[in-house]
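Beneath this line is the structure, given in structure tokens, with notes to follow.
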Amino acid sequence: MSVSLSTPIATYIAISNGADDAPLAECFTADARVVDEGQTHQGIAAIRAWLRDTRRQFDYHVAPTDVSRDGDKMVMSTTVTGDFPGSPVQLFHHIELADERIQSLEITP
């Protein structure tokens, strides 16, 4: 299924899938917060470290399957496949935007 994503969200997905993380500040606000697996990562440096660490631990691919949006809030359903226990999994990315960049991202099963 092809899902239409805004540029910041598409860039985040590309980075999650192994693309260069240099444009991370173009898709997240400076004070953005990511919550994943019970851990909170605040700010661009912490988010970059989280993404790099996750890529070092596992080889995986994130495929968006559906997106619903209500103003600055959206939920993106994804299928994540890779070399991690339980693959594939469906995850939900709860996103809040500010100035069309990600202000808050929470990833849940």
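None of the figures in this text is laboratory data; all of them are computed from the coordinates on show. This one's a predicted model, so the numbers in the text were calculated from it and none came from an experiment. Counting neighbours? That spans all protein chains shown, and the Cβs are built from the backbone with ideal geometry, glycine included.
For the reader, a short list of remarks on this structure follows.
- Placing +1 on the Cβ of every Lys and Arg and -1 on the Cβ of every Asp and Glu, with nothing else charged, gives the chain a dipole about its Cα centre of roughly 140 debye.
- Gaussian network model of the chain, Cα within-10 Å springs - most flexible of G18, G71, G82: G71
- For the options F84, F28, F92, a Gaussian network treatment of the chain with springs between C-alpha atoms closer than 10 Å singles out F84 as fluctuating the most.
- Computed over the chain with a Gaussian network model linking Cα atoms closer than 10 Å, the most mobile of P23, P85, P64 is P85.
- With helices as the sole contributors, the chain gives -7500 deg cm²/dmol at 222 nm; each DSSP H run of n ≥ 4 counts as -39500 (n - 2.57), and the sum is divided by every residue.
- Dipole orientation for the chain: of the candidates Q103, V62, P8, V62 has the Cα lying most toward the positive pole (charges on Cβ; Lys, Arg +1; Asp, Glu -1).
- Residues with amide H under 5 Å from that of A32, placed H, sequence gap 5 or more: G43, I44
- Percent of C-alpha pairs per 5 Å bin, the chain, short to long: 2, 12, 23, 28, 22, 9, 2, 0
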